[in-house]
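S.K.: Just passing along the structure, written as structure tokens.
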Amino acid sequence: KPSTFYRCGSLRNFAYTWGPPDPSTLKVTSAASQVAHAPPPMVLQENYKHSLLKSREQYDAMYKRSIEDPQGFWSDIGKEFHWEKKWHADHHSYNFDVRQGPIQNQWFKGGQTNITYNCLDRHVEAGRGDQICFLWEGNDLDRDRRMTYKEVLDEVCRVANWLRSVGVKKGDAVAIYAPMLCELPIAMLACARIGAMHSVVFAGFSADSLAGRIVDCKSRVVITTSGVMRGSKKVELKKIVDNALNICKKSGFEVDTCLVYENDNAIDKASCPWTEGRDRWWHDEIPKQSTEAAVEWMDSEDPLFLLYTSGSTGKPKGVMHTTGGYMVMAATTTKYVFDMQPGDVYWCTADCGWITGHTYLTYGPLLNGATSVVFEGTPTYPTPARCWQIVEKYKVKQFYTAPTLIRSLEGSGDQHVTSQDRSSLRILGTVGEPINPQAWNWYHKVVGEGRCPIVDTWWQTETAAHLISPLPGVWGQKPGSASLPFFGAHIAMVDEKGQEIEGPGEGYLCVKSSWPSTIRTIYGDHDRYETTYFAPFKGFYFSGDGCRRDADGYYWITGRVDDVINVSGHRIGTAEVEGALEEHPACAEAAVVGFEHPIKGQGIYAYVTLMQGTEFTEDIRKGLVMTVREQIGAFAAPDVIHEAPGLPKTRSGKIMRRVLRKIASKEEDQLGDISTLADPGVVETLLKLRP
Ligand code: WTA
């Protein structure tokens, strides 16, 4: 059988064109929406003394200008960076309306710069080369490493020279499949230095998923490591890469060079699978390169990176970001949201395999001259105190993580937190999913001792930078609300007809005009880009999220309204999981929905119809879960498999997901009208078979 990746993309042929989403999906009962309904939420005034923005009035004035005169606003900020060639006076144009022609975004047109130069050389040239750039903390307690800006620059130049030596040129894609070693952001920065697009693939993805991503952007070079320890578990990454490269080969695309870093505490040289001619050891190749590497000056709109993400259809989308606007907005959001000063020790727990690790572990902190903590391990190994040990060890000032981690640590008991010194903490951040007020309050009171503002940042792979977030100390906080738009984020809420809703209410979360780090296209498929983001509501970028706005103008994100689910902050397309389940020989059809999960935010609930005559045994259930792990990755494994002799379909054959969601969340008393089902009896059977 062909792999999921191809099957979903071509054979299954999902319709990319879709109208406004099913209005019933807006009524997601997420914690945030319940709170938005509740009587006046608690507003906390923080006593944090903010040094960048002094008042709400100052924000209001700056925000107003950023919307009314975006070109002027961002030009003033753009001047803080090094540009080899200045942009044109009239540097910005965009079109968000499909009726007016192709969708496009341009910022800093005519300008030339390089993001790596701005992240590294600029600081070294200013005499700050000895400052710590990365504080690396290994999986095991006794392993750590520190690298100064100068050391990182030298290593980036070596890798850049090596990339050039194997023929990588400006505009080529380079795949990176690696754990959280300093070498991962270093490889990204090396690509950016020579103008190659990095395509980082989270090292929890399976060989099949990695192969799909390599083939889609035709990366001839792959950078990886021998393996990694995650907690007490050993993961043989190079083996997965080898499988992926075989899959690529079978589909007619061959990777010619694979650079392997020996991570010898997991897998040493001797036990690492090897293909002569194609594979090269980092330790043999990189140290002999020169530490001088010419910078490739990039046009503002030259591509910087690709990052594949899940959408409502099966095939992952290669989100493309460009150089100038991304750089300016990554730096500016980091600076204001985390109130970041040069030299701050900042820790973002995200992996570079996701957008958060791109913008808020690598580019944002380095552009601001901060010290970024890079953690290889898992937050609860060897004990649930690990995060706070790291905070104490490095005196972390800003800590940024996902609500799922907060909920899981809350469950392990306060003693793991309070046993460590957290007095260095000033700002706490969250990202990836709505944070429920209970977890918010625990984070605020127990972790932050009631003195740290919480920045609940709403954004996406496509927006590349925060679009809605509190600015610390500038306005009161409401637990569970991302609060107000960032500069330049022209947020709009629309109803199902695409009419803008003013004032308090509930609707679809959209953006009305271009911001500097707007997704520029889906790699190789501009049509899909337009139909996914700009066709549902004419004249708007549609985020895929629902939201509420309260009387104070605060936004409450209610979650995805499309077929995307958010599991532990990882974005997963239900169609991808369905495609994977259908790879199992016994599976005739599958339908996947999300359900509320106390720790993960959402869990994966799969309804599976087996081939006629197949009995639903425990082995089959396990086999189905295993298939998803192999096809996508362990993080996408379904929590529940529900035997479904039939699925609730309309007479035209469309699966009524609303019904499946209600059964999954045990709300069968709210099924609504099911008279349009081809066979209403299906519902009865499903309820009887509930696991
Ligand atoms: C969700 C992660 C509520 C949202 C940066 C969005 C959030 C999706 C928040 C993007 C937040 C992100 N509150 N929901 N503060 N931040 N989301 O592309 O559903 O992995 O559409 O980017 O995460 O996920 P992605």
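S.K.: Pick from PHE134, PHE108: which is closer than 17 Å to LEU304 by Cβ and open to solvent by less than 10 Å² (accessible area, probe 1.4 Å)? Explain how you work it out, then say what you get.
M.R.: Values: PHE134 fails: closer than 17 Å to LEU304 by Cβ.
Exactly one residue qualifies, and that residue is PHE108.
S.K.: Next up: Being open to solvent by less than 10 Å² (accessible area, probe 1.4 Å) and under 21 Å from ASP60 (Cβ atoms): is that true of VAL474 here?
M.R.: Details: open to solvent by less than 10 Å² (accessible area, probe 1.4 Å): no; under 21 Å from ASP60 (Cβ atoms): yes.
Spelling it out, it is not the case that VAL474 is open to solvent by less than 10 Å² (accessible area, probe 1.4 Å) and under 21 Å from ASP60 (Cβ atoms).
S.K.: If you go through segment 87-97, how many residues are of a type outside the set (Asp, Glu) and surrounded by fewer than 15 Cβ atoms within 10 Å (Cβ to Cβ)? Before the answer, list the steps.
M.R.: Applying the first criterion (of a type outside the set (Asp, Glu)) to segment 87-97 yields 87-89, 91-96.
In the following step, the residues that additionally are surrounded by fewer than 15 Cβ atoms within 10 Å (Cβ to Cβ) were identified as 88-89, 93.
The total comes to 3.
S.K.: Please determine whether any residue of segment 487-505 is within 30 Å of SER199 (Cβ to Cβ), within 11 Å of the ligand (Cβ to nearest atom) and in contact (Cβ under 8 Å) with a residue 12 or more places away in the chain. Show your work before the answer.
M.R.: Narrowing segment 487-505 to residues within 30 Å of SER199 (Cβ to Cβ): 487-491.
Pick out the ones that are also within 11 Å of the ligand (Cβ to nearest atom) and you get none.
No, segment 487-505 contains no residue that is within 30 Å of SER199 (Cβ to Cβ), within 11 Å of the ligand (Cβ to nearest atom) and in contact (Cβ under 8 Å) with a residue 12 or more places away in the chain.
S.K.: Sticking with this one: Filter segment 423-437 for residues that are outside any strand (DSSP E or B) and within 15 Å of the ligand (Cβ to nearest atom) and give the result.
M.R.: Start the filter on segment 423-437 by keeping residues that are outside any strand (DSSP E or B), which leaves 423-426, 432-437.
Selection gives GLY432, GLU433, PRO434, ILE435, ASN436, PRO437.
S.K.: Please specify each residue of segment 210-241 satisfying the condition of being open to solvent by less than 10 Å² (accessible area, probe 1.4 Å), under 25 Å from ASN265 (Cα atoms), free of Cβ contacts under 8 Å to residues at least 60 places away in the same chain and not hydrophobic (A, V, I, L, M, F, W, C).
M.R.: Selection gives THR224, THR225, SER226, GLY227, LYS238.
S.K.: Restricting to segment 638-663, what's the tally of residues that are part of a loop (DSSP other than H, G, I, E, B), under 13 Å from VAL682 (Cβ atoms) and open to solvent by less than 30 Å² (accessible area, probe 1.4 Å)?
M.R.: Counting residues in segment 638-663 that are part of a loop (DSSP other than H, G, I, E, B), under 13 Å from VAL682 (Cβ atoms) and open to solvent by less than 30 Å² (accessible area, probe 1.4 Å) gives 5.
S.K.: Also: Going through segment 485-503 one residue at a time, which ones are open to solvent by 10 Å² or more (accessible area, probe 1.4 Å) and either closer than 19 Å to LEU53 by Cβ or not small (Gly, Ala, Ser) (or both)?
M.R.: We begin by selecting, within segment 485-503, every residue open to solvent by 10 Å² or more (accessible area, probe 1.4 Å); these are 485, 490-491, 495-503.
Scanning segment 485-503 gives PRO485, HIS490, ILE491, ASP495, GLU496, LYS497, GLN499, GLU500, ILE501, GLU502.
S.K.: Additional query: Any idea which of LEU467, LEU509 is over 23 Å from LEU361 (Cα atoms), aliphatic (A, V, I, L, M) and surrounded by 22 or more Cβ atoms within 10 Å (Cβ to Cβ)? Spell out how you get there, then give the answer.
M.R.: Working: LEU467 fails: over 23 Å from LEU361 (Cα atoms).
After ruling out the rest, the residue left standing is LEU509.
S.K.: Being farther than 26 Å from VAL43 by Cα and in a loop (DSSP other than H, G, I, E, B) is the filter here, so list the residues in segment 483-503 that pass it. Steps first, please.
M.R.: Here is the first cut: in segment 483-503, the ones farther than 26 Å from VAL43 by Cα are 494-500.
Of everything in segment 483-503, those that are farther than 26 Å from VAL43 by Cα and in a loop (DSSP other than H, G, I, E, B) turn out to be ASP495, GLU496, LYS497, GLY498, GLN499.
S.K.: Step by step: first the residues of segment 449-464, then only those that are open to solvent by 10 Å² or more (accessible area, probe 1.4 Å) and in contact with a Ser or Thr (Cβ under 6 Å, 6 or more places away or on another chain), then the one that is farthest from the ligand (Cβ to nearest atom). Which residue is that?
M.R.: ASP456
S.K.: Restricting the first residue to segment 565-579 and requiring it to be over 16 Å from ILE406 (Cβ atoms) and within 10 Å of the ligand (Cβ to nearest atom), which pairs with a second residue that is in a helix (DSSP H, G or I) and not polar (S, T, N, Q) meet a Cβ separation below 8 Å and a spacing of at least six or different chains?
M.R.: From residues that are over 16 Å from ILE406 (Cβ atoms) and within 10 Å of the ligand (Cβ to nearest atom), the pairs are ILE572/PHE635; ILE572/ALA636.
S.K.: Have a look at LEU687, LEU647, LEU624 and point out the one that is aliphatic (A, V, I, L, M) and more than 19 Å from GLU578 (Cβ to Cβ). Walk me through how you get there before you give the answer.
M.R.: Numbers: LEU647 fails: more than 19 Å from GLU578 (Cβ to Cβ); LEU624 fails: more than 19 Å from GLU578 (Cβ to Cβ).
Only one candidate passes the filter, namely LEU687.
S.K.: Report whether or not TYR346 is closer than 30 Å to TRP87 by Cα and among the aromatic types (Phe, Trp, Tyr).
M.R.: Values: closer than 30 Å to TRP87 by Cα: no; among the aromatic types (Phe, Trp, Tyr): yes.
Judged against the criteria, TYR346 is not a match.
S.K.: Here's something else I'd like to know. Go through (1) in a loop (DSSP other than H, G, I, E, B); (2) under 29 Å from SER206 (Cβ atoms); (3) of a type in the set (Val, Ile, Thr) and name the single condition ILE674 misses.
M.R.: (2)
S.K.: Would you mind listing the strands (runs of 3 or more DSSP E) fully within segment 324-413 where at least 1 residues are within 16 Å of the ligand (Cβ to nearest atom) and of a type outside the set (Phe, Trp, Tyr)? If you could, list the steps in order and put the result at the bottom.
M.R.: On the way: elements: 345-348, 371-375, 398-401.
Where strands (runs of 3 or more DSSP E) fall fully within segment 324-413 and carry at least 1 residues being within 16 Å of the ligand (Cβ to nearest atom) and of a type outside the set (Phe, Trp, Tyr), they are 345-348, 398-401.
S.K.: Select, from ALA244, ALA207, ALA293, the only residue that is crowded, with 16+ Cβ neighbours inside 10 Å, closer than 30 Å to LYS86 by Cβ and among the aliphatic types (A, V, I, L, M).
M.R.: On the way: ALA244 fails: closer than 30 Å to LYS86 by Cβ; ALA207 fails: closer than 30 Å to LYS86 by Cβ.
Selected residue: ALA293, the only one of ALA244, ALA207, ALA293 that is crowded, with 16+ Cβ neighbours inside 10 Å, closer than 30 Å to LYS86 by Cβ and among the aliphatic types (A, V, I, L, M).
S.K.: Run down ASP284, ASP264 and say which single residue is over 17 Å from the mean Cα position of the chain (by Cα) and modelled with pLDDT under 95.
M.R.: After applying the criteria, what remains is ASP264.
S.K.: I would also like to ask the following. May I ask you to say which residue of ASP552, ASP562 is away from the ligand (no atom under 11 Å from the Cβ), acidic (Asp, Glu) and more than 17 Å from LYS600 (Cβ to Cβ)? Don't jump to the end; show me each part of the working.
M.R.: Numbers: ASP562 fails: away from the ligand (no atom under 11 Å from the Cβ).
So the residue among ASP552, ASP562 that is away from the ligand (no atom under 11 Å from the Cβ), acidic (Asp, Glu) and more than 17 Å from LYS600 (Cβ to Cβ) is ASP552.
S.K.: Could you tell me whether segment 587-597 includes any residue that is open to solvent by less than 30 Å² (accessible area, probe 1.4 Å), within 10 Å of the ligand (Cβ to nearest atom) and under 24 Å from GLU410 (Cβ atoms)? Working first, answer last.
M.R.: Step one: of segment 587-597, the residues open to solvent by less than 30 Å² (accessible area, probe 1.4 Å) are 587, 590-594.
Subsequent filtering for residues that are within 10 Å of the ligand (Cβ to nearest atom) retains none.
For segment 587-597, residues open to solvent by less than 30 Å² (accessible area, probe 1.4 Å), within 10 Å of the ligand (Cβ to nearest atom) and under 24 Å from GLU410 (Cβ atoms): absent.
S.K.: Would you call LYS315 open to solvent by 10 Å² or more (accessible area, probe 1.4 Å), under 30 Å from PRO516 (Cβ atoms), within 27 Å of the chain's Cα centre (by Cα) and in contact (Cβ under 8 Å) with a residue 12 or more places away in the chain? Steps first, answer last, please.
M.R.: On the way: open to solvent by 10 Å² or more (accessible area, probe 1.4 Å): yes; under 30 Å from PRO516 (Cβ atoms): yes; within 27 Å of the chain's Cα centre (by Cα): yes; in contact (Cβ under 8 Å) with a residue 12 or more places away in the chain: yes.
In short, yes.
S.K.: Given the criteria over 27 Å from TYR117 (Cβ atoms) and either assigned to a helix (DSSP H, G or I) or not aromatic (Phe, Trp, Tyr) (or both), does ILE223 qualify?
M.R.: Working: over 27 Å from TYR117 (Cβ atoms): no; either assigned to a helix (DSSP H, G or I) or not aromatic (Phe, Trp, Tyr) (or both): yes.
No.
S.K.: Provide a single number: the residues in segment 520-574 that are open to solvent by 20 Å² or more (accessible area, probe 1.4 Å) and in contact with a Leu (Cβ under 6 Å, 6 or more places away or on another chain).
M.R.: 1
The values are calculated or read from the model by the stated rules, or taken from the named source; none is laboratory data. Note that the structure is a prediction, hence the values are computed from the model and not measured. We place every Cβ from the backbone using ideal geometry, glycine too, and count neighbours over all the protein chains shown. The accessibility values were calculated without ligands, DNA or RNA, using every heavy atom of the protein model including side chains. Shrake-Rupley method; radii C 1.70, N 1.55, O 1.52, S 1.80 Å.
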